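Okay, structure first, notes after.
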């Protein structure tokens, strides 16, 4: 576990609006991670970005300190100036070894989230890892860590009330939207067909909203969500020619630059003058600041949900104690399992070595004696050797694991 390192930029140290500047475009993310993996001597790595955190989780023998983090972020080519890079790195939380493991477990259980008790973070963490695994960025050590992460989170959500009457960024956004009292046939434009927008759409559909137009970079995903909502599907480019007007925009994409510019917003208004609503849950925001300066808009964003999040944390304080006890227990178990795994890896060569000794004994050291035996005696000797060979492979493994567990 000593090689587990995490560089974390979160809502605890950095303003959410600023945090968006660290988000990496998904299109060339894999190539960038492979490049830094080779350049910095990193064995395994994955990247996690949510509405309130950007993190790099890695397995590496390198010393990961502020100097390393600065060089690493520069190499990722995020596009920050040197001063901004220094400011972000100074605000980063850097974890290693057991502290890093504790951080990952707390993150998966939502204890580090803006909204304690929301379950979306576990799915986001798993997806980030799976995406990296599929392109060869992770291997055995990260697999074991993520198995423990998922197991722990499930136990916390099952055996505590931390997610009872669950509150999430999505549910809080819907509450604010509901307060605006939009009519159920309001024209809703959904930009982005990812998990956040799908979840918010379910709230809207449940409360009888029915007039949806879905826009997404990949048309097939827009069509899938539109089919669920009984709405229309378009590519992102379709926003430029959409002329049916709107009452509310719900947007959450992984774009690194604003999608809703003053020019696009003017086109979407289609000469209407009434006050509209934008729910922007993207980090960085999909809405350009100029839109809010030039137009009268009800604007709901992640940053505005902070006060509700603080109240939520106070209400769930007792459950945090129970959750942390589960985390401590899982870390203790993981440490034992990690030692067992080291023994398994170290003893992989034992079977081959024993076969070499056996062959050398039969074919060289005692070759004349063996050849002098009759057929029945050789068969009995073969059975005895086979039996002892199996025991010599299994007994040391069992004894080593037993010593670890008892100690």
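Every number in this text was worked out from the coordinates using simple rules, so none of it is lab data. These numbers were taken from a predicted model, which means no experiment stands behind them. With ideal geometry, Cβ positions are generated from the backbone for all residues, glycine too; neighbour counts draw on all protein chains shown.
What the Cβ-Cβ distance of residue 333 and residue 91 gives, at R0 = 45 Å and to the nearest 0.05, is a FRET efficiency of 0.85. The alpha-carbon atoms of the stretch 342-406 define a convex hull whose volume equals 75 cubic angstrom per residue.
Which value at 222 nm does the chain reach when only helices count, each DSSP H run of 4 or more adding -39,500 (n - 2.57), with the total divided by all residues and rounded to the nearest 500 deg cm²/dmol? Please list the in-between numbers first.
Numbers: 17 runs with 218 residues, N = 407.
Helices in the chain give a 222 nm mean residue ellipticity of -17000 deg cm²/dmol.
Listed by Cβ neighbour count within 10 Å, with the fewest neighbours leading, 326, 380, 385 appear as 380, 385, 326. Approximating the spin labels as points 7 Å out from Cα along Cα→Cβ, the residue 261-to-residue 366 distance works out to 8.4 nm.
By other beta-carbon atoms within 10 Å, ranking 149, 135 with the fewest at the front produces 135, 149. Take the Cβ atoms of residue 344 and residue 220, set R0 to 60 Å, and the FRET efficiency comes out at 0.90.
A straight line joining the Cα centroids of the stretch 259-308 and the stretch 1-75 runs 30 Å.
Mind checking the full-extension length gain between residue 99 and residue 65? Use 0.36 nm per residue of separation minus the Cα-Cα distance, one decimal, nm.
On the way: separation 34, 0.36 × 34 = 12.24 nm, distance 1.42 nm.
Stretched out fully, the residue 99 to residue 65 stretch lengthens by 10.8 nm.
Counting 0.36 nm for each residue step from residue 227 to residue 296 and taking away their Cα separation leaves a gain of 21.7 nm. Take the Kirkwood radius over Cα pairs of the stretch 162-256, plug it into Stokes-Einstein at 10 °C and 1.306 mPa s, and you get 117 µm²/s for translational diffusion. Legend: ranking of residues 40, 215, 72 from fewest to most surrounding C-beta atoms inside 10 Å; resulting order 40, 72, 215.
Using alpha carbon coordinates only, what is the Rg to Rh ratio of the stretch 120-184, with Rh defined as the Kirkwood radius? Spell out each step's value before the answer.
Working: Rg = 17.0 Å, Rh = 14.5 Å.
Here the Rg-to-Rh quotient is 1.18.
When both bridge partners sit in the chain, DSSP labels roughly 45% of those beta bridges antiparallel. For residue 273 and residue 352, a Förster radius of 51 Å and the Cβ-Cβ distance give a FRET efficiency of 0.05, rounded to the nearest 0.05. When Rg and Dmax are taken over the Cα atoms of the stretch 1-108, they come to 12.8, 34 Å. Look at the alpha carbon pairs under 8 Å that are at least 6 residues apart: their mean separation over the length of the chain gives a relative contact order of 15 percent. Entry for the chain at q = 0.07, 0.13 Å⁻¹: log10 I(q)/I(0) = -0.45, -1.14, Debye formula applied to identical alpha-carbon scatterers, no solvent contribution.
With the simple model of a label 7 Å out from the Cα in the direction of the Cβ, residue 159 to residue 139 spans 3.3 nm. What separates the Cα centres of the stretch 312-385 and the stretch 225-240 is a distance of 55 Å.
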